[in-house]
């Protein structure tokens, strides 16, 4: 049976395209399954002699036992659903739709479970990132973390700020982005909150995350690939637009980005953290303050790495392809 690489992604993901270019160059067979592709469950077998899955995707058979490695980039396995007709019985229709949702969820979860047993990068289960859990584990691994407060009481925020005039706030979960057709998008960033701003709020607010505003020397974006580190220093602190959050790009005056070598002890601690989280890959955000302290902020196991690859000439797309083709 011919072995192949399975890639789960989305239609317009450029990083997936770049990695696939290298896989083609290495002459390795692969199949890319985007979420827009409907998958037909042809055959699932579980018995004492055989455990296997056969899906049909755009007239191509995907046999799980033939998958040599896989890469979860984005999306999910979109299982084809039947067309429902219940003669305007909306209650029955909703009940059946809910039942089908749970059936498909169980199938999809099983597929990802089987894929996780294989040699690969990323997992659908890695989508559920908990920043607070990661800060806790990072501290246990010996990494420094920013002093953090989550509260619904404004007075607690005043106490937290103490003699300083400001504090930063960001999403507890993931940053949001809303697209409006023909009008652009709205995206949330890490932002400064001044003491004066707090006085305009009610005493009780929705539970929100606040952190000390660290006076950074520069920040780091670190791409991790199964024990290897590819790091980039971002000199974002001198630009008022990017000082707090470099994602708030200034196209007219772009940040200087250079390759960076992490100290060995920081590598060791990050490696312990990533292995404890069972992440074979991920993008790590850190700050370095003016005292030379390395401070862990967060990790995205499905994060972009093109922004590190191109400025630093790391050719990460090639390295990911080599990993998937088992060309270490």
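Read the figures in this text as sums done on the coordinates, not as results from a lab. Given the structure is predicted, the values throughout are model-derived calculations rather than measurements. Every residue, glycine as well, gets a Cβ built from its backbone with ideal geometry; the counts of neighbours run over all protein chains shown.
Taking every DSSP bridge with both residues inside the chain, close to 80 percent are antiparallel. In this entry, the stretch 37-172 is assigned a mean projected area of 15.4 nm², taken as a quarter of its C-alpha convex hull surface.
Between 229, 30, 113, the Gaussian network model of the chain with springs among Cα atoms under 10 angstrom shows the greatest mean-square fluctuation at 113. Model label points for residue 152 and residue 49, set 7 angstrom from Cα along the Cα-to-Cβ axis, are 5.9 nm apart.
Modelled this way, with points 7 Å down the Cα-to-C-beta line, the labels at residue 3 and residue 275 are 2.4 nm from one another. For the Cα atoms of the chain, what angle does the longest principal axis make with the long axis of helix 14-25, in degrees from 0 to 90, nearest 10? Long axis of 14-25 versus the principal axis of the chain: about 50 degrees. List the relative contact order of the chain as a percent without decimals, with contacts defined as Cα pairs under 8 Å and 6+ residues apart. Reported as a whole number, the value is 18 percent.
The fewest-to-most ranking of 162, 318 by surrounding Cβ atoms within 10 Å reads 162, 318. Estimated from the Cβ-Cβ distance and a Förster radius of 30 angstrom, the FRET efficiency linking residue 58 and residue 186 is about 0.30.
As a ratio to 2.2 N^0.38 Å, the alpha-carbon radius of gyration computed for the stretch 47-120 takes the value 1.40.
If you work out Cα extents along the principal axes in Å from the coordinates, which of (1) 80, 42, 27; (2) 54, 48, 35; (3) 67, 56, 44 do you get? Matching the structure shown: (3).
The protection proxy used here, the mean number of other Cβ atoms lying within 10 Å of each residue, ranks peptides 272-283, 139-150 as follows, highest first: 272-283, 139-150. Shown is the FRET efficiency for residue 85 and residue 105, computed with R0 = 22 Å from the Cβ-Cβ distance and rounded to the nearest 0.05: 0.45. Ranked by the mean number of other Cβ atoms within 10 Å of their residues, highest first, the peptides 90-101, 293-304 come out as 293-304, 90-101. Working from Cα pairs under 8 Å separated by at least six residues, relative contact order for the stretch 1-118 is 28 percent. Taking other C-beta atoms within 10 Å as the exposure proxy, 61, 199, 219 rank 199, 61, 219 from fewest upward.
On alpha carbon coordinates alone, what is the Rg over Rh value for the stretch 147-213, Rh being the Kirkwood radius? Don't skip to the end; give the middle numbers.
Details: Rg = 13.7 Å, Rh = 13.0 Å.
Result for the stretch 147-213 is an Rg/Rh of 1.05.
Take the Cα of residue 41, step 7 Å toward its Cβ, do the same at residue 166, and the gap between the two points is 5.3 nm.
Only helical runs count toward this figure. For the chain, summing -39,500 (n - 2.57) over DSSP H runs of n ≥ 4 and dividing by all residues gives -8500 deg cm²/dmol at 222 nm.
Per-peptide packing, taken as the mean over residues of other Cβ atoms within 10 Å, places 63-75, 259-271, 171-183 in the sequence 63-75, 259-271, 171-183 from highest down. To make sure I understand, if each residue's beta carbon is the centre and we count other beta carbons within 10 Å, what order do 314, 224 fall in, fewest to most? Ranked by crowding around the Cβ, least crowded first: 314, 224.
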